[in-house]
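Engineer: Input: one structure, supplied below.
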Amino acid sequence: MTFIKICGLLDEDSVDAAARLGVDAVGFVFADSVRRISAHDAAPLIRRVTGPTVTVGVFKGAPVAEVIEVAAAAGVGTVQVHDLKSADEVHRLHEAGLGVIRAVSAGTVPGDFGEDHLLVDGAVAGAGVPWDWAGQNKPPGDWILAGGLHPGNVRTAVDATGAWGVDVSSGVESSRGVKDVALIEQFVAAVRSRA
């Protein structure tokens with residue numbers, strides 16, 4: 001079954017809906033974004049997540065020490081970092097007890113830093129713009145597809161890329177930064193359907 005991550009959550013309703021639907025991961029953005037949340041405000045939302053759903057903190061532009069500090073304050077078990085520079089940084093995050101999703105832009109040759117999962121996004125992370133799923137080289141192994149996904153295109157995207165997982169944020173919003181429970185439900189149903 002395709003791994004599903006719903007990202008950029010800011011409120012109890014969307015967190016509860018994602019958990020009720022049994023998604024694999026929920027994301028909280030600690031980087032500069034319209035979806036940014038503080039560790040203090042994220043912590044009670046993260047405590048609502050039970051069962052096997054993984055909580056993920058999303059970071060860009062923060063030193064590793066800050067990533068570790070914020071992740072601990074919020075209570076996330078995994079971090080998604082958009083600008084990791086070396087295997088040593090991944091090792092430091094692992095030593096802090098964190099799972100690591102390394103995010104890269106489509107078209108890059110990422111190499112292997114020892115991360116738990118690789119996420120391939122469009123040129124501008126969080127912009128909601130799809131990349132050329134058919135034309136770009138895909139990484140080997142299990143990887144997560146992000147960038148411009150929504151209920152109407154996610155099945156096509158998975159079929160075209162063979163991605164192990166998908167990550168959505170703007171594609172399940174009624175307005176910029178505002179999650180829509182009905183769209184979350186539609187997205188999950190579309191991923192789990194068979195073409």
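Since every read-out is calculated from the coordinates, none of them should be taken as a lab result. Computed from a predicted structure; not experimentally measured. Note that we place each Cβ from the backbone using ideal geometry, even for glycine, and neighbour counts take in every protein chain shown.
Engineer: With contacts defined as alpha carbon pairs under 8 Å and 6 or more residues apart, what's the relative contact order of the stretch 11-81 in percent?
Structural biologist: 34
Engineer: Looking at the stretch 99-195, what % of the alpha carbon pairs are farther apart than 23 Å?
Structural biologist: On the way: 1075 of 4656 pairs.
The answer is 23 percent, as a whole percent.
Engineer: In addition: With r defined as the distance between the Cβ atoms of S86 and S33 and R0 fixed at 30 Å, what FRET efficiency is calculated, to the nearest 0.05? Show your work: numbers first, answer last.
Structural biologist: Numbers: r = 25 Å, r/R0 = 0.82.
After rounding to 0.05, the efficiency reads 0.75.
Engineer: Going by how many other Cβ atoms sit within 10 Å of their own, how do H94, H117, H82 line up, fewest first?
Structural biologist: By the 10 Å Cβ count, ascending: H94, H82, H117.
Engineer: Moving to a separate point now. If packing is taken as the average number of other Cβ atoms within 10 Å across a peptide's residues, how do 22-33, 57-68, 40-51, 135-146 rank, most packed first?
Structural biologist: My ranking of the peptides, most packed first, is 22-33, 57-68, 135-146, 40-51.
Engineer: Which whole-number percent gives the relative contact order of the chain, counting Cα pairs below 8 Å spaced six or more residues apart?
Structural biologist: 20
Engineer: Kindly state, as a whole number, the per residue volume in cubic angstrom of the convex hull around the alpha carbon atoms of the chain.
Structural biologist: Each residue corresponds to 104 Å³ of Cα convex hull volume.
Engineer: Report Rg/Rh for the stretch 32-125, rounded to two decimals, where Rg is the Cα radius of gyration and Rh the Kirkwood radius.
Structural biologist: In the stretch 32-125, Rg relative to Rh is 0.95.
Engineer: Next question. Based on DSSP, what percent of beta bridges with both residues in the chain are antiparallel, to the nearest 5? Mind showing how you got there, number by number?
Structural biologist: Working: 2 of 33 bridges.
The answer is about 5 percent antiparallel.
Engineer: What percent does the relative contact order of the stretch 18-129 come to when contacts are Cα pairs within less than 8 Å and at least six residues apart?
Structural biologist: Reported as a whole number, the value is 19 percent.
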